[in-house]
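One structure coming up, written as structure tokens, with questions to follow.
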Amino acid sequence: MHKSSDRPLLFVQHRCPFALKVRLYLLESGVFNSVDLREATSPDEEQSMRDEVSQHLEEIEFPAARFGQEYVSGSDVIIERLVQKGGPAPAQLPTLQAYLDGPFAQLHEFVGRITAMEEVGRKAVTS
């Protein structure tokens, strides 16, 4: 059995779609119980996580994870690390793929549209 400090530690925001992506990977791959989860459900909890992660990463981005003494951030990086530790490839997980192809892809499209509209607004203000 792993000591708690030997287990990966996942830092997530409660309503984050990228955190959900990692959680779906963990659940569907059957490795959820092999990681420790630290979830921010309030601004104070998020600040506490930011304080810890900022000591190890230049750019703070959630989800983040600690693997041993190394900190990483980004859902794809975290999932790839879990695959390297023996987890299945994401393409083998149909529920994760349904999320990535459906709601997650739609969210990316929506965010892209908003970003484009904001850019147009900024250019209009500076013109």
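FYI, it's all coordinate maths here, none of it is from the lab. Every value quoted in this text rests on a predicted model; they were computed, and no experiment measured them. All Cβ positions, even for glycine, are placed from backbone atoms using ideal geometry, and neighbour counts span all protein chains on display.
I'd like the orientation of helix 75-84 relative to the chain: the angle between its Cα long axis and the longest Cα principal axis, in ° from 0 to 90, rounded to 10.
With rounding to tens, the tilt is 30 degrees.
Tell me, what is the percent relative contact order of region 54-127, built from C-alpha pairs under 8 Å that lie six or more residues apart?
It comes to 14 percent, rounded to a whole number.
Roughly how tilted is helix 43-54, in degrees to the nearest 10 and between 0 and 90, from the longest Cα axis of the chain?
Roughly 70 degrees, rounded to the nearest 10.
For the pair Asp76 and Gln47, how long in nm is the line joining their label points, each one 7 Å along Cα→Cβ?
3.3
Chymotrypsin sites (Phe, Trp or Tyr not before Pro), restricted to region 14-59: which are DSSP loop and have at most 10 other Cβ atoms within 10 Å?
Passing sites in region 14-59 do not exist.
When only C-alpha pairs under 8 Å and at least 6 residues apart count, what is the relative contact order of region 19-78, in percent?
27
Shape call for region 1-73 from the C-alpha gyration tensor, a ≥ b ≥ c root eigenvalues: rounded (a/c under 1.5), prolate (a/b greater than b/c) or oblate?
Oblate is the answer for region 1-73, as a/c is 1.5 or above yet b/c matches or exceeds a/b.
How long are the semi-axes of the ellipsoid equivalent to the chain, from square roots of 5 times the Cα gyration tensor eigenvalues, in whole Å, largest first?
Its equivalent ellipsoid spans semi-axes of 29, 20, 12 Å.
Let me ask something additional. Can you give the % of DSSP beta bridges in the chain that are antiparallel, to the nearest 5?
Looking only at bridges with both residues in the chain, the antiparallel portion is about 60 percent.
Rounded to the nearest 10 degrees, what's the angle between the helix 17-29 long axis and the longest principal axis of the chain, both from Cα atoms, 0 to 90?
Between the helix axis and the principal axis of the chain, the angle is about 30 degrees.
Below 8 Å, C-alpha to C-alpha, sequence gap of six or more: please give me the relative contact order for the chain in percent.
Reported as a whole number, the value is 27 percent.
What whole-number distance in Å separates the alpha-carbon centres of region 72-97 and region 30-50?
Between the Cα centres of region 72-97 and region 30-50 lies a distance of 18 Å.
With +1 on each Lys and Arg Cβ and -1 on each Asp and Glu Cβ, how big is the dipole of the chain about its Cα centre, in debye rounded to the nearest 20?
Charge dipole of the chain: 240 debye, to the nearest 20.
Given the C-alpha centroids of region 11-25 and region 99-120, what is the distance between them in whole angstrom?
17
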